[in-house]
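Here, each number is a calculation from the coordinates, and none is a lab measurement. Since the structure is predicted, the reported quantities are computational estimates derived from the model, not experimental observations. Positions of Cβ are generated from backbone atoms using ideal geometry, with glycine treated the same way; all protein chains shown enter the neighbour counts.
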């Protein structure tokens, strides 16, 4: 799903994967229907392009809440997949990468689940590049790498 | 707590190699959309055309201590800048602009952009065969790069080399933070 832009060729084919990959937990008949496959993440987001919190950073940390773990049997499709995957804390970008979602879709779904209390979101520090203590910690952590 | 550094540069310069060398997770990829404004203005209504491209966003992660994760996000290798670049650079500690000595001009768009938005960055020449075939001063001249922009060499395949390159970026970030703190103190005096 790429087009040649006005100023140059598309990126090398290996860099751009097919737009959607399927979550594994859905019923077989839905998995085979290509129209349903393409529509679903957008149906779930009700066609919105602006998420509940449209400033959610791609590096924001996400983890499943206790409410989310309890609600898991009643969740479906992408909501369920995300709640399961986020039992391990990870970033919004990782949610997208591991589940095969476009990062914009991952942001919307994560924001919706956070609003519903199923996920806990930890946002990055405010202006980290001007936080001397934080910079020192990052530097020390990097220096420790062999 | 997450922090991030942007890894920029043209196609095939070694961004994914560099991220792989240091990331503790195998680098992941997610799709992102870049919207760029075409230079051609539509003749009928005067509104510039927008082009939407789906690109791959590669990234890795290093756990620095029990509460701190450093994400390395590779920029999509396009020279058209769109809204995804804002998301990548907002709140970043700095950027590493990787350049191939044989294709210097491919780093210009990234260097221009980071200068424009004031993000600390370092230009790092990737030594493909472990040797520098061009003189760093010639490279600096060819890039019309002022002497206060750090220019280093590194080997994207070697973890300690990538680590040192990232440390150079952080030293720029720290310097800017220090200058900013001094400016604030002057205001209060």
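Quick one: order B:113, B:71, B:108 by neighbouring beta-carbon count within 10 Å, fewest to most.
On the way: B:113 19, B:71 23, B:108 15.
Listing B:113, B:71, B:108 from fewest to most nearby Cβ atoms yields B:108, B:113, B:71.
How many partner chain Cβ atoms sit within 10 Å of a residue's Cβ in peptide A:133-146, on average, as a whole number? The partial results should precede the final answer.
Details: counts 0, 5, 10, 2, 6, 13, 7, 3, 8, 12, 5, 3, 11, 3.
Mean partner-chain Cβ count within 10 Å for A:133-146: 6.
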> Peptide B:85-91: average number of partner chain Cβ atoms within 10 Å per residue?
Replying inline: 4
> What's the extension gain from residue A:55 to residue A:133 if we count 0.36 nm per residue and subtract their Cα-Cα distance?
Replying inline: 25.6 nm
> Among A:133, A:81, what is the fewest-to-most ranking by other Cβ atoms within 10 Å?
Replying inline: A:133, A:81
> In nm, to one decimal, how far is the modelled label at residue B:147 from the one at residue B:52, with both set 7 Å along Cα→Cβ?
Replying inline: 4.9
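Hey, with R₀ at 51 Å, roughly what FRET efficiency would residue B:186 and residue A:76 work out to, going by the Cβ-Cβ distance, to 0.05? Write out the running numbers ahead of the final one.
Values: r = 58 Å, r/R0 = 1.14.
Calculated transfer efficiency: 0.30.
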> Simple spin-label model, 7 Å along Cα-to-Cβ: residue B:26 to residue B:115 in nm?
Replying inline: 4.0
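Most exposed first by the Cβ proxy, i.e. fewest other Cβ within 10 Å, how do B:85, B:141 rank? Could the numbers behind the result be given before it?
Numbers: B:85 22, B:141 10.
By the 10 Å Cβ count, ascending: B:141, B:85.
For residue B:138 and residue B:159, what does the FRET efficiency come to when R0 = 35 Å and r is the distance between their Cβ atoms, rounded to the nearest 0.05?
Values: r = 28 Å, r/R0 = 0.81.
With a Förster radius of 35 Å, E is 0.75.
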